[in-house]
1. Which residues, taken from the stretch 137-172, are farther than 19 Å from D58 by Cα and of a type in the set (G, A, S)?
2. Show the residue pairs that are 6+ apart or on different chains and have beta-carbon atoms under 7 Å apart, the first residue being within the stretch 224-235 and at negative phi, the second being of a type in the set (G, A, S) and surrounded by fewer than 15 Cβ atoms within 10 Å (Cβ to Cβ).
3. Any idea how many residues of the stretch 61-87 are open to solvent by 20 Å² or more (accessible area, probe 1.4 Å) and touching a strand residue (DSSP E or B) at 6+ places or on another chain (Cβ under 9 Å)?
4. Which residue out of I48, I27 is crowded, with 17+ Cβ neighbours inside 10 Å and either closer than 28 Å to F192 by Cα or touching a residue at least 12 places away in the same chain (Cβ under 8 Å) (or both)?
5. List the residue pairs whose Cβ atoms are under 7 Å apart, where the first residue sits in the stretch 288-314 and is acidic (D, E), the second is at pLDDT 95 or above and assigned to a helix (DSSP H, G or I), and the two are 6 or more positions apart or on different chains.
6. So which residues in the stretch 61-82 are without any contact (Cβ under 8 Å) to a residue 40 or more places away in the chain and either outside any loop (DSSP other than H, G, I, E, B) or touching a Phe, Trp or Tyr at 6+ places or on another chain (Cβ under 8 Å) (or both)?
Amino acid sequence: MAADTLLTAVRAHLQLQPDHTVILEPIKRGASGRTVVRLKAEGHPPFIGIHYTMERKDNRFFLPVAHFLRKNRLNVPEVLYDNPGRHIALVEDLGEKDLLSLADHPWEVREPYYRSALEQLDRLFYIRLPRDLELSPPFGPEIYAWEQDYFIDNFVERHLGLDGAALRDHEELSRLSKNLGASHRNLVHRDFQSQNLILHEEKAWIIDFQGLRLGRQEYDLASLIYDPYLDHSEEDQNKLLDLWEEISEERPVPELLRDCAIQRLMQALGAYAYILHEQRNDWYAQHISAGARLLLAQIKDTPLDNLLHPILEGAVEK
């Protein structure tokens, strides 16, 4: 049904005859509850077709957020056609190459794209939010607490088969969510990682931005620096921090960046486990060990070490 709807949309947009050849190529990227395809009409440049449902509330924000970000000169794909009533959109095709595809390349090759991505993040920090733009709820204590429960439900209990009762409402996790949720003044992407950064025209372009909301900028920064897909070495983590300091003219408070990294990595591990077991997508299994190892490094010498270390050690060994 989604494929037929998207084919009808591209034919209408390009005013094609019914017998005009249009090739549809599924794109299996992420797990946002949307159907994303590449549409190739003979004699025309390709489009990315998106069909979304309301199962995830943030999907309805994609179109207004796309227009908002593009108006503010961020590198996001242009929306070429949309039909909110049928939950479809055609957007600019930026190609298939993302930041993850450069994982094995030397730093000199990756650095310009990291720079471009971090420049986008810095620009997002200064954008003023118009009053009439509806977004997902801001990152408050309850959202962070939900992410922690997501981690416990899907990673600790479902994936590892452990009892997560001792973690629920634990004072240290509650303190983390309250401290991080005490301020949410800036716009954050919420999933600022390598698969959502497309490489196009020698720059990084942002996709999957429907989760845009107010929060802490350090959450996005931690999402990229401690991205389990890329599994940066400590040397590369420091290079990224140096690059961020050069761009933003400040270095994040180490304790705050660490806390955001802990929170983000718990969320990521919860997501990997959920997608692996609920959606039967085995691709995410390979990144669980890296995520657990990165989280172990972040909790070292913190009050969360004794709480989470035994759990994460088992995940690294799996």
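The values are calculated or read from the model by the stated rules, or taken from the named source; none is laboratory data. Predicted, not measured: the structure shown is a model, and the values here were computed from it. Using ideal geometry, Cβ is built from the backbone for each residue, glycine included, and neighbour counts are taken over all protein chains shown. The accessibility values were calculated without ligands, DNA or RNA, using every heavy atom of the protein model including side chains. Shrake-Rupley method; radii C 1.70, N 1.55, O 1.52, S 1.80 Å.
1. Listed by number, the residues that qualify are G161, G164, A165, A166.
2. L230/A103
3. Total meeting the criteria: 11.
4. Selected residue: I48, the only one of I48, I27 that is crowded, with 17+ Cβ neighbours inside 10 Å and either closer than 28 Å to F192 by Cα or touching a residue at least 12 places away in the same chain (Cβ under 8 Å) (or both).
5. D305/I299
6. Listed by number, the residues that qualify are L63, H67, R70, K71, V79, D82.
Here's the yes/no breakdown for (1) touching a residue at least 60 places away in the same chain (Cβ under 8 Å); (2) open to solvent by 20 Å² or more (accessible area, probe 1.4 Å):
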site	(1), (2)
L214	yes, yes
D220	yes, no
P254	no, yes
M266	yes, no
H277	yes, yes
R280	no, yes
